[in-house]
There are 4 protein chains.
Amino acid sequence: MGRIIKRGFASDNNAGAHPAVLQAMIEANAGHEIGYGDDYFTAQAVEVIKQHFGNEIEVFFVFTGTGANVLSLKNLTDSYHSIICAETSHINVDECGAPEKFTGCKLLPVETDNGKLTIEKIKKHLHGFGFEHHSQPKVISLTQASELGTVYTPSEIKILADYAHQNKLYLHMDGARLSNAAVSLGIGFKKFTADAGVDVLSFGLTKNGAINAEAVIFFDKELVKNFKYYRKQAMQLGSKMRFMAVQFAALLAGDIWKENAEHANKMAQLLASKISEIPEIKITQKVESNGVFAIVPPEIIPRLQAEFFFYMWDEHLSEVRWMTSFDTTEEDVEQFVELVKKLV
Amino acid sequence: MGRIIKRGFASDNNAGAHPAVLQAMIEANAGHEIGYGDDYFTAQAVEVIKQHFGNEIEVFFVFTGTGANVLSLKNLTDSYHSIICAETSHINVDECGAPEKFTGCKLLPVETDNGKLTIEKIKKHLHGFGFEHHSQPKVISLTQASELGTVYTPSEIKILADYAHQNKLYLHMDGARLSNAAVSLGIGFKKFTADAGVDVLSFGLTKNGAINAEAVIFFDKELVKNFKYYRKQAMQLGSKMRFMAVQFAALLAGDIWKENAEHANKMAQLLASKISEIPEIKITQKVESNGVFAIVPPEIIPRLQAEFFFYMWDEHLSEVRWMTSFDTTEEDVEQFVELVKKLV
Amino acid sequence: MGRIIKRGFASDNNAGAHPAVLQAMIEANAGHEIGYGDDYFTAQAVEVIKQHFGNEIEVFFVFTGTGANVLSLKNLTDSYHSIICAETSHINVDECGAPEKFTGCKLLPVETDNGKLTIEKIKKHLHGFGFEHHSQPKVISLTQASELGTVYTPSEIKILADYAHQNKLYLHMDGARLSNAAVSLGIGFKKFTADAGVDVLSFGLTKNGAINAEAVIFFDKELVKNFKYYRKQAMQLGSKMRFMAVQFAALLAGDIWKENAEHANKMAQLLASKISEIPEIKITQKVESNGVFAIVPPEIIPRLQAEFFFYMWDEHLSEVRWMTSFDTTEEDVEQFVELVKKLV
Amino acid sequence: MGRIIKRGFASDNNAGAHPAVLQAMIEANAGHEIGYGDDYFTAQAVEVIKQHFGNEIEVFFVFTGTGANVLSLKNLTDSYHSIICAETSHINVDECGAPEKFTGCKLLPVETDNGKLTIEKIKKHLHGFGFEHHSQPKVISLTQASELGTVYTPSEIKILADYAHQNKLYLHMDGARLSNAAVSLGIGFKKFTADAGVDVLSFGLTKNGAINAEAVIFFDKELVKNFKYYRKQAMQLGSKMRFMAVQFAALLAGDIWKENAEHANKMAQLLASKISEIPEIKITQKVESNGVFAIVPPEIIPRLQAEFFFYMWDEHLSEVRWMTSFDTTEEDVEQFVELVKKLV
């Protein structure tokens, strides 16, 4: 049955699932469970997540990274607030305005070179407090690893968190590729989330071997308030939730999450290393997780894409994005690089 | 692994998945596929769905029944419209205001005895057209099978559809239990949807043996317009969509959908038949699909629920709802009825 | 200049303004004032309003009754809440869905005979608390005088307020015709608002001799929270606010508000009294403020409207609404009744 | 009665109204008129407006400039669209997120030196068409005169309009100070709105001598669609509309609008001319309408504000904004400049 597409470098969500994920779903498929998360498997998955993030968290499963981001932001804001983010952030460019539509808030995009926010870049937006004509800044949202494949250090995050809190803002982290950041930093999740001052995290494993496993994690239970109602109203409450819950447990109970992310990152390093030998190609961002950004002669791009699918990042610059995933092989990389060499 | 809960009568979504569903997901888990629905399996699933509903449809997969309903309604309305529905409808009582929040529309609930709309009941809402102070009626939304377990005949639907269209309204059908209605009527889906004048359908298989398989089906391609943007903005666009697509195919390519629904309906009939022998219990609705509604002496309810979980329907009336599902067994029913008999 | 339309009985907002209102505007038109309400005249108007409602209030001026209602409700709710109101209420039928659009909430309309809510009528909606599938009831909204011309007594209001508060709901009052209610009851505003447990009031003088003078009044300062941002975001913050403020002061500093309302009510009584002598006409509601509702032979309605404009209330019943205003004269009433007599 | 504040340079909306405006309101205050715009005076005002903008327009009165902007944008967009504007635009910084809240759209702010958009600055946002992850660009919104006091020439507007239309976008103009732009350009309104390709205009006279007179003007009747419902749902439909309508007529029927704007602009020129003689002050923008922007030694600002109120524009740069209005006098300017000279 079915056609099998060659692995390309389009997105880590073009990969399938790790076999352990499907196995766990099969095992969960016995008997009845209360729907909507009030079940054994969901409780169990939350416990596994707590082993990574600490016990003082509240976890809510949702369907997509966009859902996790929007609901995180909704819970931190009122409609007259604004949300500061990188111009390249997923919430700003890849969610079709879902944050604005559901929260009513204004997004304040900030230009960056590398997808990472700094105080210097965002401070111009921190004004107008108390002035009702002005959307009130309330959240700084950063992405870890960033949309440009770069990774914040814990201290960089801490600096932003402190700055946010000093100004009565919250720090939200979009962690759609949190595993890739963790293995890149060589530390556990908690060190650069809860311990670094993050208030709310969008935590995704879909890009790291799950079918769909996304969660909102609160590091301060007082922030949870009425989240459950927002989740339902946002159409993000699943009925047979056990089948998502076991995906978290399958990847996080042991080291699969880590092996997957390490492998993806390693393949990106391999790809970058080999590509950097080709003078016609210019790598544009530090390769700190599982993405490689490069300026490529425009004439070869269509022929490359025909064999290994990937997306343009910036048409004007002829910049492309190559993502590796848990199932990328060294052969994939080598064949791809060979093709590049042949075409340039 | 895990605890296995005894099958109760709480909801058809307390059941797990039919084994064929998980098997299909395993088979789909090979190689890369373009994300977000532009893949082989999604195309294949759409073809299977067309075999049931005709070729002149457009299909979009979403995550939940609420998502399907809200997006159906969003696509048919503008924010100043109103939506006529039964007071007991899922969109009115079980979606935490998601329709209002996402569409901006007013819901106009109509009291019914049996969960089914009639022209007589809704015509009082068809006024104020062109008067800008008044939300403009635009959609009639019915549920098939209804939330009270009753089923519309094709001609009842046709009458409502004609009435809607004569008044320049659309007819939306919430088909979270469409399979149960189809086997109850003994006809194919198309006869009482496309052929009966339904404009847009929320089609769900989650309650009939899928893990999560929900879709919006348009019977008039001109209505599709910009649905894809709404789906994304509503956080209802899945990345690894193949894994939902194959669930549709697994259930609909052969007769599994039918066998599942027939079995669930049969179990409801069995339950109703046996319960009706108990004079202390009064069945309150015709049993036309997989739900049984009954007034039960309040003192026995907690003890019943302790062994076989189910929900109250109306506290004031001491009315309960018992749902059967594809995996309910005759023994489940018999043991349950025995317990009722013992307790009354 | 201009054409002068004959005074009819269409709406109290078809009248112009009391001369004192325009005179006050002329007097306020000197020098500069800070915009958006931070000015002398606004402060002064608030003081005048406090003389009526007590010092423990917060007042915000807005543009329309709809604006006052929507912002009152917005401040009391979150998007997952529901708002209980009479089916005939302005928020339910005359605001084109503005409450749903701006608050995201569900409205729960309740059928009444006379436009007035009672505990008996609303209690069926007070359930599902804590259940995230269900919009959470949060506000009871009543209209004083009601859209059917009836008036709540202070004790009727107190009963609803206590019931609301016992169930952790708020009581909102739409007071678009509060003056008419006050003179009908023969008591000051405070007695049946602040003293009766109302939490937030939409207070309108537009229908009682202002050009446009509408306000939201909070009786509990803790409820005010971030109202000022909502007002701006709802496009209800006026720049040259002094010109609205002085309208409040002009009508409320002395007895003009009272004389206007007493006169309008008296004209309604006169109309009802004379109409009740005509056996072909049936008055359908108690005449407690400045509206008369009556069933009129349908064949005479167009001819009546041609000379004295008014609106149908219920086409099916051939029921009409006749509103009197501060400038209705006895001659208007007499000529109108003569015409009715001639036509029946 | 009342205190009279010294005229400052805070905002043109700190001024009162031209006497002709109030006189027109008094004259309109006779007899009854149908509410909500279906009246003689509103029709008459529309005719006067057509004399300026041509007969092929549709005009709707609203309460505020924010209301006019939001409703213009709402009518041109769907929730998944984006709106390109200058970072300094009123819709981006002075409306507390009202555009996002009511339309659901994303705003795409563009940095400018002088408040004016150019193709060069906006073209980076014109991508992602048809890609559902990306908010779809749909409107370019410019402000005339801009928030920085600069004025677009008709040909600059035409270039933007053509570019918008070639890309299937609309061009919206925020004309809160349209009169100041017209007299600055020395041409009629039509030349740089309808004739230059503007699709929809927010037209305000409040800052030019009205009490509150704001309108949305459509230059293509096909774009009007269901505007009237949006206006009502946005709480921008006034009941006694005649009193706003006559303000338009009073200012636009003769030359008052022009004299007012010419005077305000002239006062800004006078102020700029005199200030430019002071070496410690640096004027930062071309003075093309009624605003003067200048960098002022921070230590003198509070003392200046104490006598002539005005607002900071950019705290970081110590840049201030001085607005003149129709009632600013030469003496005001001279006294102010004297004070500046004394303080520096």
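The values are calculated or read from the model by the stated rules, or taken from the named source; none is laboratory data. This structure is a prediction, so every number in the text was calculated from the model and none was measured. No Cβ is skipped: glycine too gets one built from the backbone with ideal geometry, and neighbour counts run over all protein chains shown.
Some points to look at:
- Of all residues making up the range C:285-307, the number that are of a type in the set (S, T, N, Q) and either free of Cβ contacts under 8 Å to residues at least 60 places away in the same chain or more than 13 Å from C:M323 (Cβ to Cβ) (or both): 1
- In summary, B:K190 fulfils each of the numbered conditions (1) in contact with a strand residue (DSSP E or B) (Cβ under 7 Å, 6 or more places away or on another chain); (2) away from chain D (no Cβ under 14 Å) with the single exception of condition (1).
- Failed item, numbered, when B:T103 is tested on (1) among the hydroxyl-bearing types (S, T, Y); (2) more than 19 Å from B:L205 (Cα to Cα); (3) within 8 Å of another protein chain (Cβ to nearest Cβ): (3)
- The residues of the range A:118-130 that are modelled with pLDDT under 95 and within 14 Å of chain C (Cβ to nearest Cβ) amount to a single one, A:G128.
- D:V246 surrounded by fewer than 22 Cβ atoms within 10 Å (Cβ to Cβ) and β-branched (V, I, T): no
- Taking (1) closer than 28 Å to A:D78 by Cβ; (2) buried (at least 24 other Cβ atoms within 10 Å of the Cβ); (3) out of contact with any Cys (no Cβ under 6 Å at 6 or more places or on another chain); (4) of a type outside the set (G, A, S) in turn, C:E222 satisfies each apart from (2).
- Residue in the range C:97-106 that is of a type outside the set (S, T, Y), part of a helix (DSSP H, G or I) and touching a His at 6+ places or on another chain (Cβ under 8 Å) present: no
- Of the residues D:E299, D:E330, D:E319, the single one that is modelled with pLDDT of 95 or more and within 15 Å of D:G8 (Cα to Cα) is D:E330.
- Residue that is nearest to the other protein chains (Cβ to nearest Cβ), among those in the range A:236-262 that are within 15 Å of A:P19 (Cα to Cα) and not in a helix (DSSP H, G or I): A:A253
- Condition check for B:F336 on (1) buried (at least 22 other Cβ atoms within 10 Å of the Cβ); (2) in a loop (DSSP other than H, G, I, E, B): one failure, at (2).
- Each residue in the range A:308-331 was checked for being touching a Leu at 6+ places or on another chain (Cβ under 9 Å), closer than 21 Å to A:G209 by Cβ and away from chain D (no Cβ under 14 Å), and 6 pass.
- As for the range A:275-284, it holds at least one residue that is over 30 Å from A:G31 (Cα atoms), more than 14 Å from every other protein chain (Cβ to nearest Cβ), outside any loop (DSSP other than H, G, I, E, B) and touching a residue at least 60 places away in the same chain (Cβ under 8 Å).
- For the range A:263-274, the count of residues that are assigned to a helix (DSSP H, G or I) and hydroxyl-bearing (S, T, Y) is nonzero.
- The range B:24-58: number of residues that are within 14 Å of chain A (Cβ to nearest Cβ), assigned to a loop (DSSP other than H, G, I, E, B) and on the phi < 0 side of the Ramachandran plot: 7
- Number of positions in the range A:19-67 that are small (G, A, S) and closer than 20 Å to B:N14 by Cα: 8
- Members of the range B:221-234 that are more than 10 Å from chain D (Cβ to nearest Cβ) and either among the hydroxyl-bearing types (S, T, Y) or touching a residue at least 40 places away in the same chain (Cβ under 8 Å) (or both): B:K221, B:L223, B:V224
- Taking the range A:1-23 as the range and being more than 7 Å from chain B (Cβ to nearest Cβ), surrounded by 24 or more Cβ atoms within 10 Å (Cβ to Cβ) and either over 23 Å from the mean Cα position of the chain (by Cα) or not in a helix (DSSP H, G or I) (or both) as the test, the residues that pass are A:F9, A:H18.
- Qualifying positions in the range A:21-52 - touching a strand residue (DSSP E or B) at 6+ places or on another chain (Cβ under 6 Å), in contact (Cβ under 8 Å) with a residue 12 or more places away in the chain and over 23 Å from C:H133 (Cα atoms): A:I49
- Test: residue in the range D:128-141 that is in contact with a Gly (Cβ under 8 Å, 6 or more places away or on another chain), of a type in the set (A, V, I, L, M, F, W, C) and crowded, with 24+ Cβ neighbours inside 10 Å: no
- Residue count for the range D:158-168, restricted to those that are crowded, with 23+ Cβ neighbours inside 10 Å and either among the acidic types (D, E) or touching a residue at least 40 places away in the same chain (Cβ under 8 Å) (or both): 1
- Given (1) modelled with pLDDT of 95 or more; (2) within 24 Å of C:S184 (Cβ to Cβ); (3) among the charged types (D, E, K, R), number of the condition C:D314 does not satisfy: (1)
- Only residues that are of a type in the set (S, T, N, Q), facing another protein chain (nearest Cβ under 8 Å) and outside any strand (DSSP E or B) were counted in the range D:62-82, giving 3.
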